[in-house]
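The values are calculated or read from the model by the stated rules, or taken from the named source; none is laboratory data. Model, not experiment: these values are computed from the prediction. Here the Cβ positions follow ideal geometry from the backbone for every residue, glycine too, while neighbour counts run over all protein chains shown. Please note that ligands, DNA and RNA were not included when accessible areas were found on the heavy atoms of the full protein model with its side chains. Shrake-Rupley method; radii C 1.70, N 1.55, O 1.52, S 1.80 Å.
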Amino acid sequence: MSYKQFIQELEDDILPSEAERRYQEYKSEYISTQKRAYFDAHKNEEWLKDKYHPTNLLAVIERRNELARKFAKDFLLDLQSGTLDLGPGVNAASSMKSVQTSDLTSDDEADVAGKRRRHGRGAAKETDLSAAPKAHPVSSEPRRIQIDIEQAQALVRKLDSEKGIEDNMLCRADNERSNKDKSHGGSTGPVIIVRGLTSVKGLEGIELLDTLITYLWRIHGLDYYGLIETSEAKGLRHVRVDGKHSDASINGADWERKLESRWQERLKGQDPLEVMTAKEKIDATAVEALDPYVRKIRDEKYGWKYGCGAKSCTKLFHAAEFVHKHLKLKHPELVMELTSKVREDIYFQNYMSDEAAPGGTPIMQPSLPAELRKERSEEHRIIVLVIIFTDIVTSLQKEKLEKRRPGSDTRLKDDRGGRRERENRSNGSERFERSENPHSMDFQANNDGSVGGNTDESMFDTFGGQGMHVTSFPSEMAPPPVLMPVPGAGPLGPFVPAPPEVAMQMLRDQGGPSPFEGGGRSGRAGPSPIIALPPSFRQDPRRLRSYQDLDAPDDEVT
């Protein structure tokens, strides 16, 4: 839920700070639960193991270091030839790597360098810097540029050493040139001398900083201004905003403090992937688990010896630490088996601790449009009012029934009706006429003055000129309630009691209740409810013959 949806579930008198704290707890627990479910569903897939499993990460780190050495060589080659594209993208300008420059003559080398340079200028023009995310405007200040050059150069040395990259010209500075410039009032920053195939160039200032942060992004996946380090760089890195900006001082000190803290911590720390392998923890677990496999043996000639306890191994050593080393080198399957549980725990912890892990983005509940929320609120208000109105009517009907008990005439009427029904069944021709024209029997006149005449049993009412059969109810019995489907429901409900004016309109449209609706047994508290459906859900117009058991107990529920 969003924060707005969440606070609707809380009590009204809660403080805003307490509501915010509860929402953060709820959101954190929700994300953790969602990530656990995602991990359980995908933990056996190789792509997820390559990102977080300590065993797979060893091979991943080796491949990454090998690619980094290759990309660094190509980067420096483009830098020497003058074709380096300093755009914010991951991929540099396409260089002619298929040509082996070591096999070319000096003239061929000059020709290749010219092609590289022309291609590099075209690629630089095509780079869309406006699409890249922007760093804080304070990053363009000369004071900040000199600080970033030194810090970026230190990061290049640190990350190159972790990946085994050697002889990087960006790690060296021409100190003699720098001291000379200082004495003559020139540039005070470091200068990198780049000796190309046909020229020598010095990198300093903004050009040197752009070269360093481009190298960090493409070789090491480190976005300097974005404060991000990834194992696989994607998209565009952060870039400086050129020119002076009036808002450079807004939060500039806080941004600089975060930048310094982030990269100073990285300079003092370890490779993030190396940390995820948890070698020290796994080694400590292996030492403890391998202790039972170190056998201490008494030798009459050489004294105490230590033997390997692995299956079918008879090796002897002078000390226990040599047995541990032997087990790790010669019996790795045993070590993997003994440390499998701790490896799986580290696998799960690596995944859960990564805030950008797949499956960690919470799935938000959709918020209803304002019009739909208003419509549903109005429907809910109408239903509540209908239910309250029905409760009031029902309570009044019960009070009226308690004051007026049904008399003996109801039983006589039922007896007469039952006897007449049996006579009708015994007459085959009359039953045939009833089945062919049921309305002819229902509407027979009973005004001949006989004992059986009762004008209350059936009646005609012309609502708007239409004849409609209306079931009669004894004077002591309240009329049955009319049920209507809830807005949006189908013919199976759910139903709610309809207001009187709605009920009358629906009965007019429907043509009266069915013969099996509204017919309750005499002596009951009230007749069965009438379900009045809209015209789209109108029932079968054919009349059905019902059966009423007069001897059934009163507490039976039909």
Sequence-distant residues sharing a close amide H with V496 (under 5 Å, placed H): M484, V486
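Report, in listed order, any pair from K296/K328; K163/K279; K51/K341; K281/K325; K70/K134; K296/K325 with a Cα-Cα distance greater than 26 Å. Before the final figure, lay out the partial values.
Values: K296/K328 18 Å; K163/K279 17 Å; K51/K341 18 Å; K281/K325 17 Å; K70/K134 29 Å; K296/K325 16 Å.
Where the Cα-Cα span goes over 26 Å, the pairs concerned are K70/K134.
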Leading residue at positive end of dipole, the range 227-373 (Cβ point charges), from M364, Q264, W304: W304
Built amide H within the under 5 Å cut-off of K305, gap 5+: I297, R298, D299
Highest average packing first - 4-10, 37-43, 64-70, Cβ atoms within 10 Å: 64-70, 37-43, 4-10
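Which entries of K158/K330; K73/K234; K4/K49; K35/K158 have Cα-Cα distances beyond 27 Å here? Intermediate results must be reported in sequence, preceding the final value.
Values: K158/K330 34 Å; K73/K234 20 Å; K4/K49 37 Å; K35/K158 33 Å.
Among K158/K330; K73/K234; K4/K49; K35/K158, the Cα-Cα distance tops 27 Å for K158/K330; K4/K49; K35/K158.
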Solvent-accessible area per residue, Å², over the range 247-358 with all protein chains present [probe radius 1.4 Å]: 67 Å²
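Per residue, how much accessible area does the range 22-92 have with a 1.4 Å probe, in Å²?
Values: 3860 Å² over 71 residues.
Using a 1.4 Å probe on heavy atoms only, each residue of the range 22-92 averages 54 Å².
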Nitroxide proxy distance, nm - points 7 Å out along Cα→Cβ at K27 and V486: 3.3 nm
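Would you rank V502, V275 by solvent-accessible area, highest first, keeping every protein chain in place and using a 1.4 Å probe? Spell out each step's value before the answer.
Values: V502 50, V275 80 Å².
The ordering from most to least exposed comes out as V275, V502.
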Residue-level accessible surface for V386, protein heavy atoms, 1.4 Å, Å²: 20 Å²
Extension gain from E150 to K398, taking 0.36 nm per residue of separation minus the Cα-Cα distance: 80.2 nm
